[in-house]
4 protein chains.
Amino acid sequence: MKALVYHGPGRHSWEDVDKPGLRMPDDAIVRIDTVTICGTDLHILKGDVADVTPERVLGHEAVGTVEQVGSGVRDIAVGDRVLVSCISPCGRCRYCRAASYGQCRNGGGWILGHLVDGTQAEYVRAPFADNSLHVLPDGVTDEAALLLADILPTAYEVGVLNGRVLPGDTVAIVGAGPIGLATIMTARLFSPSRIIVVDAAQQRLDAAKQLGADVTVLAADDPRSVVAELTGGLGVDVAIEAVGIAETFELCADLVRPGGHLANIGVHGKPATLHLETLWIKNITITTGLVDAHSTPTLLKMLASGQLDTSRLVTHRFGIGEMLEAYDVFAQASDTGALKVALFRT
Amino acid sequence: MKALVYHGPGRHSWEDVDKPGLRMPDDAIVRIDTVTICGTDLHILKGDVADVTPERVLGHEAVGTVEQVGSGVRDIAVGDRVLVSCISPCGRCRYCRAASYGQCRNGGGWILGHLVDGTQAEYVRAPFADNSLHVLPDGVTDEAALLLADILPTAYEVGVLNGRVLPGDTVAIVGAGPIGLATIMTARLFSPSRIIVVDAAQQRLDAAKQLGADVTVLAADDPRSVVAELTGGLGVDVAIEAVGIAETFELCADLVRPGGHLANIGVHGKPATLHLETLWIKNITITTGLVDAHSTPTLLKMLASGQLDTSRLVTHRFGIGEMLEAYDVFAQASDTGALKVALFRT
Amino acid sequence: MKALVYHGPGRHSWEDVDKPGLRMPDDAIVRIDTVTICGTDLHILKGDVADVTPERVLGHEAVGTVEQVGSGVRDIAVGDRVLVSCISPCGRCRYCRAASYGQCRNGGGWILGHLVDGTQAEYVRAPFADNSLHVLPDGVTDEAALLLADILPTAYEVGVLNGRVLPGDTVAIVGAGPIGLATIMTARLFSPSRIIVVDAAQQRLDAAKQLGADVTVLAADDPRSVVAELTGGLGVDVAIEAVGIAETFELCADLVRPGGHLANIGVHGKPATLHLETLWIKNITITTGLVDAHSTPTLLKMLASGQLDTSRLVTHRFGIGEMLEAYDVFAQASDTGALKVALFRT
Amino acid sequence: MKALVYHGPGRHSWEDVDKPGLRMPDDAIVRIDTVTICGTDLHILKGDVADVTPERVLGHEAVGTVEQVGSGVRDIAVGDRVLVSCISPCGRCRYCRAASYGQCRNGGGWILGHLVDGTQAEYVRAPFADNSLHVLPDGVTDEAALLLADILPTAYEVGVLNGRVLPGDTVAIVGAGPIGLATIMTARLFSPSRIIVVDAAQQRLDAAKQLGADVTVLAADDPRSVVAELTGGLGVDVAIEAVGIAETFELCADLVRPGGHLANIGVHGKPATLHLETLWIKNITITTGLVDAHSTPTLLKMLASGQLDTSRLVTHRFGIGEMLEAYDVFAQASDTGALKVALFRT
């Protein structure tokens, strides 16, 4: 079969590899029907994620059809149309028992396209299939569901739930890329009074507006002052970091009111400065996190009931064989305007 | 009357000042029976707390007897033996209504010895008396109650409750000064399985042991390795910072396990480095905070019932007229072994 | 001035009484601009609420203009347009400090039209004015705000927050009177996937539909079966009782799924049967409660921002002098279709 | 092998049955080293638990040694000394993913000695072995661990955690049988200020005193008055029902203060009366529940660290062949003074 293979920093190709087979009793083999690319994949290609070794097939988001299941798989059957979650939990360790699936200590967690071969291929082996695959309800399209493999639960759990957004709140979201936009969508489930979105690109702020931002601010237009003015000098109830650099994290720490919450979603490569000399007295709560995907069943239900509309997040569509071109379009987002790309089986 | 007056950085004296009178209907005048000195007072003397202006009477912890009450005071009566809390909440603003008294927006919060004259004097004017004074139960001594003016509720709320200590947890407390020791005492109320205390001074670690630390580690003896060994490489459930410098905060961030809590109690003068490049994926929660003193009634009840024993925290006792000497002893803690000092009306 | 005076079971009149004056330093005198009638008032008229003694002026909901304030009032000023909340908290007792204002132990709580003279009059004395009056934001009409005196916070706090409604939930609301309808409105703030409303009257179910119910069921049409079918036999995540009789409470207990929440809002006059022989094993949580009105500032903010639209809840409008006629219309709701009535100063 | 077999109401025997074998890939076969009898087993013998069919081997609590594991078992190995929990969770269903293991929808939950053959035998087949067996730490005796199969986690989760016991609380525990006593032990982990225990038997109150009850009251000595006096008329913060009859549940509802919690642990066979006419206004929370056993690893840790001492709960010891005699002693607890009995492999 064909797959996107990482060959070390700066080198990757769409090439023939062996089709995966079952290895453990709780594995399933899934034929990929649609797949996407994550910002994290770009980091991997640059060599930023040391755990990813050469010859690894990348990708941790997909929708597909189950082709084979191991002897220990109970709830997933051949022929099921499934969401392949970015998180594959063992379901038995201390962390999994507390629904902290992303922190699985038994060889699970985020492993696809990271520690084992991933979904940017014609087939994938899905470990811990009962826990990592979700059968799709009727009426949910593959493309709509694809967004629930990673960015919707990440935005919802790591941003909105960790940030404890509540009705009436003022929420600042810093970063209006795919994750930031998904954060707007899922924050609205808790009816905040005002969502303020900050980004460096006007184009992304326009998308934010369409998805429900109440106020948008260019990063260059002094968001600290804008927020101060909008909140009577107090700051926002919840600030959500959706970029992954020190500057935006530090902006969030400046924007949050005493007693407020700062939820970090961004994947960071460098440290930030924490201004404890002002923050120690402000009773703030800072959270970080990899997604656990415990909310995926709930999000699927809301997708099926029409409460969530993920369609605006996919801007470009390809055949799966156009993987390299799709990578280019996604990597050049500032030029192409790409949010999420979707590649379909042909 | 006599009072400890701040005259600007490096200058203070025990001198005659006017006895305070009622200014607002909810004020009370309290005769000081016992008073103590806080590490924060030493910072003020150095000029580190810009809000404290010259001619300010310092001190925000005391036990005394009510001598006079304003017309709007309802629950406190002349003659009552009361704890003077470090926090004076208005009781009506958005923050006070959420029991975030330390963040009061109506002229309350931490004001004594900060924005208004404090308790290191023969008398103090206590604003918002119904909310800032607590009538002492019978059987609680003045000296025992004195510790509930600041350090016990600070340790309990900002350390133990914010850190969400639970039965069976492994807790690391970095810093074994008075606040760190009070954190040991109040953490034990939640029956953690193991309390590990880190400090630079063996003398303080000995005190920690006596108050219930299970393991003590000199800061020089590689606490990271000790914790790793004790926790199978995982880290502690809760790390509590009780010093107030970047180094100890960063140590706490290294000690906490994925999914754990880092509660900062320390008063910081400089920023710390937050290693988001490793922490982003660890699902940790960091909290900061000034005490709200919402737990003071509960702590008083536990003091009365014998569940808390604050007696070991007071190492030196003085007459109130020996204020300057008491300051010296407290400031030279590494030589004198002072934890908390208590000064009594003579 | 004129007022609605209770003269014992079955006897009340709109008559001349003395205009109230200040009694305590924290009182305010408010001129009533608009006022409404509560189901509880009908109970009082029948003699069901023993604490209400003859000669009491009824009413605990109003919007008005502050005419006079006591010397201890700090945040409310003469001329302010204010919401008079049904809850008047002392703000200092154990319960008020925990924001359980409805359980105030210091002479506050629900006192208006109950233990002291109420709002169905031309003027009212508002005790604990700083805590019981809320200055109205610009752009909020008197009539819209009137609904926030009692039913909106009651529905939100005692129904939605106690019931812990979450995104994606299936919620059953039993009773589609004013409180049930307000529960629909405020439950939607948490984006449940499905709201099922049960009532005995089709007319009220129609109103429920308009306010956002997804499914409506006549009480006679076997709601147990309908819910079983809609939830795959599991039951609802949250069942909210908004009537106040044993039968509807017991229905809620049957509808809730294992692990679900049953939030009782109704005012009950008689006991219900709790089927512990089936419920003991179901891990359910049952809550009861008088409103605390801690959410009133948040609800006012959402009213101002257009997130809440209370206009559909007022079906009949009168001059304040038409008080007796308004009572009749409200008491005959099944004939008149009345939800809430509003009476305006003329 | 020998086993205790239920033959319908009133008929049971200790007889030869086939030794169990593996049926599913996630089964394990455990040799029973020590086993106990639960009050629920007595209910089953009377025919009160309709789901238990004739020829069922009873028992849902044991400690044993793993003799065989299925191909899908990953974390449990032959030779492991294990606790056999009363709850066998599938680990994958909606409820198990929320750690509500007792409500498992996939054929798990409380099944041993209920829906499948149980532990009162020389061997047991343990379904879902990775989730239902817990490897014992060194230094924990079989007998001490045996109490963690059911009563300790039940008391802790359904009583103490559901009741939200907090430091400083006043807690009433109604019923001082094994579960009530285990509730005293585990409630103390949260440092309540006062535990009041009510029972009809002085002998059990004596045991309660030894395990940490602060006040004991005979049911005949008007516990309502005693609690009213001890709490200034307010009631207790938490009332825990540990009997399982209407009368004791209703007593708990009378004892709890406004805003307090009533946690039902008892297994009820008949309904109770819920006095909503007084409770509707009291803001109380009532919880029910079957144990989930999610706390078992934590309790094991505390047993190993010496924080829990279960030794006082076992009053009688037998060889496993003396099963019928042990049943008699346990069933005649009021005469024999039996709390828990332990039977050992011989």
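A few notes on this one:
- From B:ASP142, B:ASP150, residue being away from chain D (no Cβ under 14 Å), buried (at least 24 other Cβ atoms within 10 Å of the Cβ), under 30 Å from B:GLY321 (Cβ atoms) and of a type in the set (Asp, Glu): B:ASP150
- Any hit, segment C:253-264, residues being in contact with a Phe, Trp or Tyr (Cβ under 7 Å, 6 or more places away or on another chain) and among the acidic types (Asp, Glu): no
- Sole residue being buried (at least 24 other Cβ atoms within 10 Å of the Cβ), under 19 Å from the mean Cα position of the chain (by Cα) and outside the structural domain of D:ALA187 (by TED's automatic domain parsing), chosen from D:ILE173, D:ILE87: D:ILE87
- Within segment D:25-48, the set of residues being hydrophobic (A, V, I, L, M, F, W, C) and either more than 14 Å from every other protein chain (Cβ to nearest Cβ) or not in a strand (DSSP E or B) (or both) comprises D:ILE29, D:VAL30, D:ILE32, D:VAL35, D:ILE37, D:CYS38, D:LEU42, D:ILE44, D:LEU45.
- Filtering segment A:9-24 to residues that are in a loop (DSSP other than H, G, I, E, B) and not charged (D, E, K, R) leaves A:PRO9, A:GLY10, A:VAL17, A:PRO20, A:GLY21, A:LEU22, A:MET24.
- Test: residue in segment B:59-66 that is under 20 Å from C:CYS90 (Cβ atoms), surrounded by 24 or more Cβ atoms within 10 Å (Cβ to Cβ) and of a type outside the set (A, V, I, L, M, F, W, C): no
- Pairs linking a residue in segment A:153-180 that is touching a residue at least 12 places away in the same chain (Cβ under 8 Å) to a residue that is aromatic (Phe, Trp, Tyr), with Cβ atoms under 7 Å and 6 or more positions apart or on different chains, are A:VAL160/A:PHE190; A:VAL165/A:PHE190; A:LEU166/A:PHE190; A:PRO167/A:PHE190.
- C:ASP237 vs. criteria farther than 28 Å from D:THR287 by Cβ and surrounded by fewer than 24 Cβ atoms within 10 Å (Cβ to Cβ): no
- Lone unmet requirement of (1) in the same structural domain as B:ASP18 (by TED's automatic domain parsing); (2) at positive phi; (3) under 20 Å from the mean Cα position of the chain (by Cα) for B:TYR101: (2)
- The condition of being in the same structural domain as A:VAL49 (by TED's automatic domain parsing), of a type in the set (A, V, I, L, M, F, W, C) and in contact with a strand residue (DSSP E or B) (Cβ under 8 Å, 6 or more places away or on another chain) holds for A:LEU300.
- Looking only at segment D:48-69, and only at residues there that are of a type in the set (Gly, Ala, Ser) and at pLDDT 95 or above, the one that is farthest from the chain's Cα centre (by Cα): D:GLY64
- Subset tally (residues that are more than 16 Å from B:ALA98 (Cβ to Cβ), touching a Pro at 6+ places or on another chain (Cβ under 8 Å) and assigned to a loop (DSSP other than H, G, I, E, B)) for segment C:88-129: 6
- Only residues that are touching a Phe, Trp or Tyr at 6+ places or on another chain (Cβ under 6 Å) and either among the aromatic types (Phe, Trp, Tyr) or surrounded by 22 or more Cβ atoms within 10 Å (Cβ to Cβ) (or both) were counted in segment B:299-346, giving 4.
- Under the condition of being facing chain B (nearest Cβ under 9 Å) and over 14 Å from D:LEU148 (Cα atoms), the residues counted in segment D:292-317 number 1.
- For segment B:240-257, a tally of residues being touching an Asp or Glu at 6+ places or on another chain (Cβ under 7 Å) and more than 12 Å from B:LYS282 (Cβ to Cβ) returns 3.
- Of all residues making up segment A:118-131, the number that are touching a Ser or Thr at 6+ places or on another chain (Cβ under 8 Å) and within 11 Å of chain D (Cβ to nearest Cβ): 2
- Residues of segment B:186-200 that turn out to be surrounded by fewer than 24 Cβ atoms within 10 Å (Cβ to Cβ) and part of a helix (DSSP H, G or I), as a count: 3
- Answer residue from segment A:130-156, given it is out of contact with any Asp or Glu (no Cβ under 6 Å at 6 or more places or on another chain) and part of a strand (DSSP E or B) and is nearest to A:TRP14 (Cα to Cα) among those: A:LEU133
- Members of segment B:49-108 that are of a type in the set (D, E, K, R) and within 14 Å of chain C (Cβ to nearest Cβ): B:ARG74, B:ASP75, B:ARG92, B:ARG94, B:ARG97, B:ARG105
- Selection of strands (runs of 3 or more DSSP E) fully inside segment A:208-303 by the criterion of at least 1 residues being in contact with a Gly (Cβ under 8 Å, 6 or more places away or on another chain) returns A:236-241, A:256-264, A:285-287.
- Segment D:157-184: number of residues that are of a type outside the set (Asp, Glu) and either in a loop (DSSP other than H, G, I, E, B) or within 11 Å of another protein chain (Cβ to nearest Cβ) (or both): 14
- With respect to the conditions (1) more than 25 Å from A:LEU136 (Cα to Cα); (2) surrounded by 18 or more Cβ atoms within 10 Å (Cβ to Cβ); (3) over 23 Å from the mean Cα position of the chain (by Cα), A:LEU45 falls short on a single one, namely (3).
- Any hit, segment D:93-110, residues being without any contact (Cβ under 8 Å) to a residue 60 or more places away in the chain, in contact with a strand residue (DSSP E or B) (Cβ under 7 Å, 6 or more places away or on another chain) and open to solvent by 20 Å² or more (accessible area, probe 1.4 Å): no
- Residue in segment A:158-172 that is closer than 24 Å to A:THR315 by Cβ and hydroxyl-bearing (Ser, Thr, Tyr) present: no
- For segment A:248-271, the set of residues classified as within 7 Å of chain B (Cβ to nearest Cβ), surrounded by fewer than 24 Cβ atoms within 10 Å (Cβ to Cβ) and free of Cβ contacts under 8 Å to residues at least 60 places away in the same chain consists of A:PRO258, A:GLY259, A:HIS268, A:LYS270, A:PRO271, listed by residue number.
The values are calculated or read from the model by the stated rules, or taken from the named source; none is laboratory data. These numbers were taken from a predicted model, which means no experiment stands behind them. Don't worry about glycine lacking a Cβ; one is built from the backbone with ideal geometry, like all the others, and counts go over all protein chains shown. With ligands, DNA and RNA removed, areas are computed over all heavy atoms of the protein, side chains included. Shrake-Rupley method; radii C 1.70, N 1.55, O 1.52, S 1.80 Å.
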